[in-house]
Amino acid sequence: MASAYIPPTCPILEFDDGPQWLPSLVAQFGDLLPADAGEQLRKANPEGPISARFALYELASKRRLWEATRTWLLAREVFAYHGTRINEAQHRSIEREGLRPLVAAERVPAIAAFLGEHRLWPEIGGRVAEAIEFVSSRAGNREGMVYGLFSRSGLVRGCNHYLVEGSEFDHHVANYLLGDICHDENRRRGRGTLVQFRLTGAEAIDAANPRGEIGDEPNLLAELIGAVAWWLVTGDDDTAAQEEGCGLMRYEAIPPDRISAFIDVPDEELWPHYDNRAH
């Protein structure tokens, strides 16, 4: 299931048919768009996909565009990505069990395996449960969730601390116990890895629109419309201006049969884009 690393472009979404999804969605819009939509959008001179999307709303019904986008996406499957840093044993575990939602109370053995060889372990080992409780209650609770991103490039070049540092929850725990020196420990955990998995269109909409389909960002349907608008303006099928792409969160496991690839990302690709955040 391992796949060779290919430096990413910046698509907001990836499908089996590659960048052809853009003209496919435009065809779905049909006569909702004026024949000269691209020309009118270029005259609006948008700075990026967001402003292009709002310019498109001036040319066509926002509600009908959203309905058409939803209908189109429901008929498809989409690739999504979970970014992490794992060793061979963890890789095999994900192959067997899939991507499981976080259960903080079950992280104690993993944290002990992660930090157990550190010279300060005799001092901090007894505080792991304390650190987990702190992270769960104050530093960002992701209990019961699996996080991901639709843009492969977003995880490699936009928010790649997941691939450099590994599990964000474990990183918060290590930071609580060790402070900034935890970064070195995080990087020893294994290799930066993209776990590619498939979602149905309905699952993608549900996972990426936490505030509802017509709600504020993050919103997958809005980003799709923005990507199309930007493509009509520029012909840019990589939609590079949407580098990070739309995030997603699932409250159910991603089973092994929905995982389509493990993609190792070399550190030389990650370091130039690493933000070295401490939290």
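With in contact with a helix residue (DSSP H, G or I) (Cβ under 7 Å, 6 or more places away or on another chain) and of a type in the set (Asp, Glu) as the only criterion, which of 88, 39, 95, 47 stands out?
Within the list 88, 39, 95, 47, the selection yields 95.
Being surrounded by fewer than 21 Cβ atoms within 10 Å (Cβ to Cβ), modelled with pLDDT under 85 and either within 23 Å of residue 220 (Cα to Cα) or not small (Gly, Ala, Ser) (or both) is true for just one of 183, 118, 91. Which residue is that?
One residue alone meets the criteria, 183.
Kindly provide the set of residues from segment 33-56 that are under 30 Å from the mean Cα position of the chain (by Cα) and not hydrophobic (A, V, I, L, M, F, W, C), ordered by number.
Answer for segment 33-56, where residues must be under 30 Å from the mean Cα position of the chain (by Cα) and not hydrophobic (A, V, I, L, M, F, W, C): 38, 42, 45, 46, 47, 48, 49, 51, 53.
Could you name every one of the helices (runs of 4 or more DSSP H) located completely within segment 25-140 that has at least 2 residues being under 23 Å from residue 230 (Cα atoms)?
Helices (runs of 4 or more DSSP H) meeting the threshold: 37-44, 49-57, 62-74.
So residue 188 ticks every box in (1) crowded, with 21+ Cβ neighbours inside 10 Å; (2) modelled with pLDDT under 85; (3) of a type outside the set (Ser, Thr, Tyr) but one. Which box is left unticked?
So the condition that residue 188 fails would be (1).
If you check residue 247 against the conditions, is it small (Gly, Ala, Ser), at pLDDT below 90 and loosely packed, with under 15 Cβ neighbours inside 10 Å?
When the stated conditions are applied, residue 247 does not pass them.
Picking from 132, 111, which residue would you name as being touching a residue at least 60 places away in the same chain (Cβ under 8 Å), more than 21 Å from the chain's Cα centre (by Cα) and surrounded by 15 or more Cβ atoms within 10 Å (Cβ to Cβ)?
One residue alone meets the criteria, 111.
Going residue by residue through segment 23-45, is there one that turns out to be of a type in the set (Asp, Glu), modelled with pLDDT of 90 or more and closer than 19 Å to residue 236 by Cα?
Yes, segment 23-45 contains a residue that is of a type in the set (Asp, Glu), modelled with pLDDT of 90 or more and closer than 19 Å to residue 236 by Cα.
The values are calculated or read from the model by the stated rules, or taken from the named source; none is laboratory data. Values in this document were obtained by computation on a predicted structure and should not be read as measured data. When we count neighbours, we look across all protein chains shown, and the Cβ atoms used for this are built from the backbone with ideal geometry, even at glycine.
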